[in-house]
Amino acid sequence: MSKKIVILDYGSGNLRSAERAVARHGVDVTVTSDWDAALDADGLVVPGVGAFAACMAGLRGVRGEQIIGRRLAGGRPVLGICVGMQILFGKGVEHGVTTEGCAEWPGTVERLDGAAILPHMGWNTVDAPEGTRLFAGMDAGARFYFVHSYGVRRWELEPDPTGRLTPPLVTWAEHGDRFVAAVENGALCATQFHPEKSGDAGAQLLANWLDTVE
């Protein structure tokens, strides 16, 4: 039976390009905001473009933060893309306004002030950690497509003092500032770049993520 993947529709763009990119891998893809469908899917993709505050408002409008939380509590895979990654952090700060995020990870989404040119738009390499599943099978020079002016510049999740929990794998990239480009944390994965716009490398990453979906 084909894996069932839901692209969560909460009013943020790139839904159809994400749908097409995932569907190329032979899975059953639905774009919807339906609560039950999003909870029951084998995998959930949370895309996002635009402002952090607007994305959070749209997400809350469909109870998306609750859907994400419930899925993760049951170990059900979630993939955040671009602002869909950013809203997984504690808060976003844009134009002096702070908006609370989903707080799956501590941390602040803020302007990449060290960059001479914003937005960061175009192709860039990433520094992936050893043991990564998202970037498995790719060479170190693989390039991904980014479009953003904000990012997470500091990883703030403290290591588990008991040593029982596997620490997240954090991938970094640089555009003036060093920023989080991707995270793998059990059932929760996310990318700041757009895999659906990243050619063969993006297709490989989506295939790798789908391999984690059961």
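The values are calculated or read from the model by the stated rules, or taken from the named source; none is laboratory data. All values derive from a computational prediction rather than experimental measurement. Because the Cβ atoms are built from the backbone with ideal geometry, glycine has one as well, and the counts that use them run over all protein chains shown. Keep in mind that these areas ignore ligands, DNA and RNA; they rest on the heavy atoms of the full protein, side chains included. Shrake-Rupley method; radii C 1.70, N 1.55, O 1.52, S 1.80 Å.
If I ask for residues that are part of a loop (DSSP other than H, G, I, E, B), open to solvent by 40 Å² or more (accessible area, probe 1.4 Å) and of a type in the set (A, V, I, L, M, F, W, C), which ones from the stretch 137-173 would you list?
The answer is Met138, Ala140, Trp155, Leu157, Leu165.
If only one of Gln192, Gln204 is of a type in the set (S, T, N, Q) and open to solvent by 50 Å² or more (accessible area, probe 1.4 Å), which one is it?
Just one listed residue meets the conditions, Gln204.
Does at least one position in the stretch 85-99 carry a residue that is assigned to a strand (DSSP E or B), closer than 24 Å to Leu188 by Cβ and touching a His at 6+ places or on another chain (Cβ under 9 Å)?
no
Which residue out of Ala136, Ala140, Ala173 is among the small types (Gly, Ala, Ser), free of Cβ contacts under 8 Å to residues at least 40 places away in the same chain and in contact with an Asp or Glu (Cβ under 9 Å, 6 or more places away or on another chain)?
Selected residue: Ala140, the only one of Ala136, Ala140, Ala173 that is among the small types (Gly, Ala, Ser), free of Cβ contacts under 8 Å to residues at least 40 places away in the same chain and in contact with an Asp or Glu (Cβ under 9 Å, 6 or more places away or on another chain).
Evaluate the following for Phe179: is it modelled with pLDDT of 95 or more, touching a Cys at 6+ places or on another chain (Cβ under 9 Å) and buried (at least 18 other Cβ atoms within 10 Å of the Cβ)?
No: the conditions fail for Phe179.
Can you spot a residue in the stretch 57-78 that is surrounded by 15 or more Cβ atoms within 10 Å (Cβ to Cβ) and in a strand (DSSP E or B)?
Yes, the stretch 57-78 has at least one match.
Among what's in the stretch 35-50 and is surrounded by fewer than 17 Cβ atoms within 10 Å (Cβ to Cβ) and either without any contact (Cβ under 8 Å) to a residue 12 or more places away in the chain or in contact with a helix residue (DSSP H, G or I) (Cβ under 8 Å, 6 or more places away or on another chain) (or both), pick the residue that is nearest to Ala207 (Cα to Cα).
Taking the stretch 35-50 and keeping what is surrounded by fewer than 17 Cβ atoms within 10 Å (Cβ to Cβ), we get 35-37, 39-40, 50.
So of that shortlist, the ones also either without any contact (Cβ under 8 Å) to a residue 12 or more places away in the chain or in contact with a helix residue (DSSP H, G or I) (Cβ under 8 Å, 6 or more places away or on another chain) (or both) come out as 35-36, 39, 50.
Details: Trp35: 25, Asp36: 25, Leu39: 21, Gly50: 26 Å.
Within the stretch 35-50, the match that is nearest to Ala207 (Cα to Cα) is Leu39.
Of the residues that sit in the stretch 11-25 and are touching a strand residue (DSSP E or B) at 6+ places or on another chain (Cβ under 8 Å) and in contact (Cβ under 8 Å) with a residue 12 or more places away in the chain, which one is most open to solvent (accessible area, probe 1.4 Å)?
Start the filter on the stretch 11-25 by keeping residues that are touching a strand residue (DSSP E or B) at 6+ places or on another chain (Cβ under 8 Å), which leaves 14-16, 18-19, 22-23.
From what is left, the residues that are in contact (Cβ under 8 Å) with a residue 12 or more places away in the chain are 14-16, 18-19, 22.
On the way: Asn14: 46, Leu15: 27, Arg16: 133, Ala18: 4, Glu19: 44, Val22: 4 Å².
Looking at the filtered set, the residue picked out is Arg16.
Rundown of residues vs (1) out of contact with any strand residue (DSSP E or B) (no Cβ under 9 Å at 6 or more places or on another chain); (2) within 17 Å of Trp172 (Cβ to Cβ); (3) touching a residue at least 24 places away in the same chain (Cβ under 8 Å), yes/no style:
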| residue | (1), (2), (3) |
| --- | --- |
| Val97 | yes, no, yes |
| Cys102 | no, no, yes |
| Leu112 | no, yes, yes |
| His120 | no, yes, yes |
| Gly131 | no, yes, yes |
| Val152 | no, yes, yes |
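I need the full set of residues from the stretch 103-136 which are more than 20 Å from Cys55 (Cα to Cα), among the acidic types (Asp, Glu) and outside any strand (DSSP E or B), in order please.
Asp113, Glu130
Residue by residue, here is whether (1) within 22 Å of Gly64 (Cβ to Cβ); (2) within 18 Å of the chain's Cα centre (by Cα) holds:
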{"site": "Leu79", "(1), (2)": "yes, yes"}
{"site": "Lys91", "(1), (2)": "yes, yes"}
{"site": "Thr98", "(1), (2)": "yes, no"}
{"site": "Gly122", "(1), (2)": "no, yes"}
{"site": "Arg154", "(1), (2)": "no, yes"}
{"site": "Thr171", "(1), (2)": "no, yes"}
{"site": "Phe179", "(1), (2)": "no, yes"}
